[in-house]
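Computed from the coordinates by the stated procedures, all read-outs in this text should not be read as laboratory data. All values derive from a computational prediction rather than experimental measurement. When we count neighbours, we look across all protein chains shown, and the Cβ atoms used for this are built from the backbone with ideal geometry, even at glycine.
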Amino acid sequence: MDIEKRIELITRKPTEEVLTVENLRQLLETGVPLQHYIGFEISGYIHLGTGLMAGAKIADFQKAGIKTRIFLADWHSWINDKLGGDLETIQKVALTYFKEGMKQSIKVMGGDPEKVEFVLASEILEKGDYWQTVIDISKNVTLSRVMRSITIMGRQMGEAIDFAKLIYPVMQVADIFYQGVNIAHAGMDQRKAHVIAIEVAEKLKYHPLLWNGKRYKPVAVHHHLLLGLQEPPKWPIESEEEFKEIKASMKMSKSKPYSAVFIHDTPEEIRQKLRKAFCPVREVKYNPVLDWAEHIIFREEPAEFTIHRPAKFGGDVTYTTFEELKRDFAEGKLHPLDLKNAVAEYLIELLKPIREYFEKHPEPLEIMKEVRITR
C-alpha cells in the first residue's frame with residue numbers, strides 16, 4: 001500500500017486532528033516500525049463514543065498496516081476514582097467486560113480484534129523503570145502546564161485536588177514512551193497530554209523514541225467526540241467560540257444514560273433514546289443526531305442510508321452522502337422524527353452482533369451490572 005493511501009486511512013473520519021500529518025508522512029517514508037496505542041479508563045458501560053469511534057480508527061490503523069494496542073488504564077482509573085476507586089474491581093472489569101466489549105466494537109467497525117494487543121497498565125507500571133520515565137518527563141514540564149492538562153473538574157477544585165490527579169497527565173505521557181508508542185491515539189479531550197509528549201520527546205533520557213540513533217516525536221491522532229443526545233446547556237449556540245466553551249458538557253456521557261447509546265442496548269432502548277434526542281428542525285450545526293449520522297453512518301462514502309416514510313410524507317428516501325442528508329434536513333424536507341427513527345434502526349442493525357455476543361456470553365456484562373449496583 002502506498003504512503004498516501006495509508007495517510008488517507010489514518011486521517012479519514014472519525015479522525016478530527018493529526019499532530020502532525022507532516023510528521024506522520026516522515027515516519028512512513030523512513031520506514032520506522034509503527035506502534036499504535038489508545039488508553040481507556042475503566043469507568044462504566046461502553047457507549048458509542050468509545051466503542052465505535054475508537055473501533056473505527058483501530059480498524060483504519062490495521063488497514064494501514066500498523067500494529068494496534070489497547071491500554072487498559074487501571075491505575076489511571078483508580079486515580080480518578082472510577083468504579084468506587086477500588087483497584088481490584090477496576091482490574092476485574094477491565095479484563096472481562098471492557099476487553100470483550102471493545103473486541104466486539106472493533107469487529108463491527110471492520111477491524112480484527114484478534115490483532116489488537118490488550119495491555120493492563122499495572123502490568124508495566126509495577127515493574128522496570130516506568131517511574132524513572134515519569135520523573136524524567138516531570139522534570140521537563142511545569143506545574144502550570146500539568147494543571148492545564150488535568151480534567152475540568154480537577155482544575156475547578158484548585159488546591160483542594162488530591163495530588164494523585166496531578167500525576168495523571170505525566171503518566172499518560174510516560175505510557176507513550178515506556179511502551180515505545182509512536183502513534184498515540186485518543187479522543188479530542190486527551191490532546192493536551194499528547195501535546196506534552198510531542199514537546200518533551202527530544203529531551204528525554206529514559207525511553208525516548210529512537211530511530212537510527214536519533215530521537216523523534218510521536219504522532220498524535222485524535223478522533224471526534226460524539227455529541228450527547230441531550231439538549232445543550234445553552235440554546236441556541238450563537239458562535240463557534242460559544243460552542244467551544246460548552247463542548248465538554250455536550251459530549252456523550254456514561255453518567256447521563258439518555259445522552260448515550262451503549263453498545264449492548266436493546267432495540268427498544270435505542271429507539272427510546274433516539275426518540276427523546278435533541279434534534280431541532282432545520283438545525284444542522286450542533287445537532288447530535290446529524291453528528292452521529294455523519295461520523296457513524298457516513299464514515300465511508302458513498303454509503304446507503306434509507307429513511308422509510310409514509311407516502312403522504314414523501315415516501316422512502318435514500319442518501320449516499322452526508323451532504324445530501326444535511327441539505328434536505330436544513331431545507332425542511334426531512335422531519336426530525338423520521339431522521340431519528342432511521343438512525344435508531346441503523347444502529348440497531350449495526351450493534352446486533354454485539355448484543356448477540358453478550359446474549360451468548362452474559363458473564364462479562366453481568367460483572368459490570370453488579371459493579372454498577374454495588375458501587
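Observations, loosely collected:
- Only Lys, Arg, Asp and Glu carry charge here, each on its Cβ (+1 for the first two, -1 for the last two); on that basis the chain has a dipole of about 340 debye about its Cα centre.
- Net charge of Cβ neighbours under 11 Å - reference HIS335; Lys, Arg +1; Asp, Glu -1: +2
- The residues SER249, SER105, when put in order of fewest to most other Cβ atoms within 10 Å, stand as SER249, SER105.
- Environment charge of GLU17, counting only residues whose C-beta is closer than 15 Å and scoring Lys/Arg +1, Asp/Glu -1: +3
- With contacts taken as Cα pairs under 8 Å and at least 6 residues apart, the range 3-223 reaches a relative contact order of 26 percent.
- Gaussian network model of the chain, Cα within-10 Å springs - most flexible of MET171, MET252, MET147: MET147
- Estimated translational D of the chain in µm²/s (Stokes, Kirkwood radius over Cα pairs; 4 °C; 1.567 mPa s): 59
- Fraction of antiparallel bridges per DSSP, the chain only, in percent to nearest 5: 40
- Antiparallel DSSP beta bridges within the range 3-223, percent to nearest 5: 25
- Mean residue ellipticity (222 nm) of the chain, computed from DSSP H runs ≥ 4 via -39,500 (n - 2.57), nearest 500: -14000 deg cm²/dmol
- Max mean-square fluctuation residue, GNM over the chain, Cα-Cα springs under 10 Å, options GLY84, GLY31, GLY111: GLY31
- Rule-of-thumb Rg ratio for the range 13-54 [Cα; 2.2 N^0.38 Å; N residues]: 1.56
- Here r is the Cβ-Cβ distance between GLU199 and LEU337 and R0 is 45 Å; the resulting FRET efficiency, rounded to 0.05, is 0.40.
- Pairwise centroid distance, computed over Cα atoms, of the range 322-375 with the range 1-73, Å: 23
- Excluding exposed DSSP-loop GluC sites (Glu not before Pro) (at most 11 other C-beta within 10 Å), longest clean stretch of the chain: 1-125
- Distance between modelled label sites at GLU304 and ILE246, nm, 7 Å Cα→Cβ extension: 4.0
- Calculated FRET value between ALA164 and LYS127, using beta carbons and R₀ = 22 Å, to 0.05: 0.65
- A viscosity of 0.890 mPa s and a temperature of 25 °C, combined with the Kirkwood radius over C-alpha pairs in the Stokes-Einstein formula, give the range 3-223 a diffusion coefficient of 139 µm²/s.
- The mean sequence separation of alpha-carbon pairs under 8 Å and at least six residues apart, normalised by the residue count of the chain, gives a relative contact order of 19 percent.
- Listed from fewest to most Cβ neighbours within 10 Å, the set PHE358, PHE118 follows the order PHE118, PHE358.
- When each of THR133, THR15, THR30, THR321 is scored by the number of other beta-carbon atoms lying within 10 Å, the sequence from fewest to most is THR30, THR321, THR15, THR133.
- Of the cross-linked pairs LYS107/LYS369; LYS107/LYS333; LYS203/LYS285; LYS67/LYS203, those separated by over 30 Å at the C-alpha level are LYS107/LYS333; LYS203/LYS285.
- Surface/4 estimate of mean projected area, convex hull on alpha-carbon atoms of the range 220-285, nm²: 5.9
- Of PRO288, PRO362, PRO169, the residue with the greatest mean-square motion in the GNM of the chain, using alpha carbon springs below 10 Å, is PRO362.
- Within the range 231-265, trypsin sites (Lys or Arg not before Pro) in DSSP loop having at most 15 other beta-carbon neighbours inside 10 Å: LYS234
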